[in-house]
Amino acid sequence: MRLPAWLAQHIAALRALLVMTVLLGLAYPLVMVAVGRIPGLSDKADGSLVAHGSSLIGQAFTDKDGNPVAKYFQSRPSAAGDGYDPTSTSASNLGPESVVDTLSDNPDDAKQSLLTQVCARSLAIGKLEGVDGSRPYCTSDGVGAVLAVFYRDGLTGPITRVVSVNQTGTPFLASYKGVTVEPAKNGEDYVAEGGVITPIRGNAPAKPVVPSDAVTASASGLDPDISPAYANLQAPRIARERSMTLDQVQKLIKEHTDGRALGFMGEPGVNVLELNMALDATGN
């Protein structure tokens, strides 16, 4: 007896549902679990957990007030939530054109540009490590060295006015091309008023002492690694705080430096958590 078309269609759909449930709801997850048990992959499948967290997720080594703990290597900045939050993994989405701060009397409305964030971080790291923290296009007090330049004819003609857009205090330049530089005022939009945004390079070295990964967050905000250059920048402080020799600290850095993937992809990285755990294990 031939089944009605509508019933045959429902039975076929039910069969397809059962087959896909078995394949995707049972077989596929079991295969993935089995793959995760393969030697060399099982550690990553379990989250690479160690005594103080996961070696795959960065973390801050700071005190309750957010100040760096001097005896530990510091991680790179994070834009994930309040920092290294795996439930809020993200970048700041700020790019090279983010050079003008949003200045406001209300702290909740104020916002630093990417340039000022980089300048402030570099200055702070320079003070922590006892090195030159200056960078091109940064002022000596750690904000973006950016002017809004007003021309008589819009983009041409004599300069009529100059404003240091990221500073409400004394401008980093007294004058620009013969025109006195004014401090910015909270709430003013100097671009909308016709100012031409003009970054000023300054006399900082072309290659800053503080490396770029020390002042910028990763795309995920969870990067557990820093560059060997940033690790070695911190080595003298670690040696001093732990009464170790510089050679001892640098040896630990080398032991916890991973090379390029497959020998040619990416850059070498130093896992900060594992390195700090190794430091604690020395008893110093």
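Each value in this text was obtained by applying a stated rule to the coordinates, not by laboratory testing. Computed from a prediction, not measured in an experiment: that's the story for all the values here.
Data overview
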read-out: Semi-axis lengths (Å, descending) of the ellipsoid that matches the C-alpha gyration tensor of the chain; value: 48, 33, 15
read-out: Above-threshold pairs, the threshold being 21 Å between Cα atoms, out of LYS185/LYS207; LYS64/LYS254; LYS71/LYS254; value: LYS185/LYS207; LYS64/LYS254
read-out: C-alpha long axis of helix 228-241 to longest principal axis of the chain, angle in °; value: 80
read-out: Helix 272-281 axis, angle to the chain major axis (alpha carbon atoms, nearest 10°); value: 90
read-out: Residue-averaged [θ]222 nm for the chain, counting only DSSP H segments that reach four residues, each worth -39500 (n - 2.57); value: -8500 deg cm²/dmol
read-out: Relative intensity, log₁₀ I(q)/I(0), of segment 146-199 from a Debye sum that treats every alpha carbon as a point, q = 0.14, 0.22, 0.24, 0.29 Å⁻¹; value: -0.30, -0.74, -0.88, -1.21
read-out: 0 to 90° range, to nearest 10: angle between helix 114-129 axis and the chain longest Cα axis; value: 80
read-out: Evaluated over segment 73-153, the Cα radius of gyration and Dmax, each in Å; value: 15.1, 53
